[in-house]
């Protein structure tokens, strides 16, 4: 069958979200230390990572919680004279500055999208997350004009791994599943739901969540293809169309 | 009496907060238009100003409300194909970029603080507002090391115009009211409460809220001094000490 659409996950598929967040968190800690927070950088980063896991990555009080923990930690002297609000403000500034500086797509993205356009294959970003945050990423990545549609799950009130998100997409464009490829970095959220409704799935080995170790355990989730680079999509298209 | 401390309000006293916010809002609208929002710049700015007045300047949904209004406005065609979340993301980016670029103190601030230090007069920022936002401003203005204390009302759970904020300050440093000068741009929030407990008050004619027209009506609020520049403080100190 001819491939009509290719959908892409956003974070860790189109850009290195994991690395960006990691660097931004480090910049956040460094800025707090620069403004006088008396803790070793490595220790604070480790503590922040723990907090992100415990409270979830979308919690908005990571830095407040970090400071609370440090205040209760007898190893450090974060007493009355150290203003927690100042450090949180400094941390937010550091995070934001780093984030703004480093938003760029993986180096195969632009060329791949352009080449797909020249082949008359339509492209979409299909992603979870807060619509405003996801749009901010898309605008900063400067890829909005290179794709034909953007679908953010919270705008449809359906979140991955709910396969309804992909059903919605197929119905929107009146496509059959085998006319569509979906590319993502996660077996659980990207590959499994798209597989379920018969979309051709491509797992890209990027970021940290494609997790080849877990792959062996969860043998019931198998993408149709594995790739290291988006350039490999063109071979896949030929295979599927032949 | 010798002057021991001079307290300063922050917004519109230390930096041009009114102008900064105005420029940032304009940048926000321009960025939305750049990303395709089909409205005239002037009209959108006027609408945003209205929304800020109606919902208060600390509301976090000004841009969402702006887009809601525009969507309901039959003059513009902001239909299905125009994604509100994209515009809000663009607006936030524009606002933030402008804000980061233009944070600087009024040009008399640094020299005044340095000269006060050389005269052994201590200085404090005494301001209302969200502690994290106020600290962000102070850090971006790079004045933290130039003042001896920073008091943000929400950290003490007392807000201007409650004079308790100033009583708290006097008790903290064991000062008499006539040993302290307070400088601010607002008759209602700065001058009135400091006057009430006998602190020497200076109204600086900056920003938009010192309002010389209202001044005539509210004759019961009289600052001890009016200034156009902080350099005039040195004359006031001499007068008070003689």
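The values are calculated or read from the model by the stated rules, or taken from the named source; none is laboratory data. Computed from a prediction, not measured in an experiment: that's the story for all the values here. FYI the Cβ positions are ideal-geometry reconstructions off the backbone, even for glycines, and counts take in every protein chain you see.
Out of B:235, B:209, B:222, which single residue is at pLDDT 90 or above, in a loop (DSSP other than H, G, I, E, B) and assigned by TED's automatic domain parsing to the domain that holds residue B:10?
The unique qualifying residue is B:222.
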Which numbered condition residue B:87 misses (of (1) within 12 Å of chain A (Cβ to nearest Cβ); (2) under 26 Å from residue B:231 (Cα atoms); (3) surrounded by 19 or more Cβ atoms within 10 Å (Cβ to Cβ)): (2)
Total residues in the range B:1-26, condition on the phi > 0 side of the Ramachandran plot and in a helix (DSSP H, G or I): 0
Residue selected from the range B:141-171 under the condition under 17 Å from residue B:197 (Cα atoms) and without any contact (Cβ under 8 Å) to a residue 12 or more places away in the chain, by the criterion surrounded by the most Cβ atoms within 10 Å (Cβ to Cβ): B:158
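Table: residues versus (1) surrounded by fewer than 18 Cβ atoms within 10 Å (Cβ to Cβ); (2) away from chain B (no Cβ under 14 Å); (3) modelled with pLDDT of 95 or more.
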site	(1), (2), (3)
A:38	yes, yes, no
A:48	no, yes, yes
A:73	yes, yes, no
A:83	no, no, no
Matching entry among A:115, A:137, A:133, A:122 (being within 26 Å of residue A:186 (Cβ to Cβ), touching a helix residue (DSSP H, G or I) at 6+ places or on another chain (Cβ under 9 Å) and at pLDDT below 95): A:133
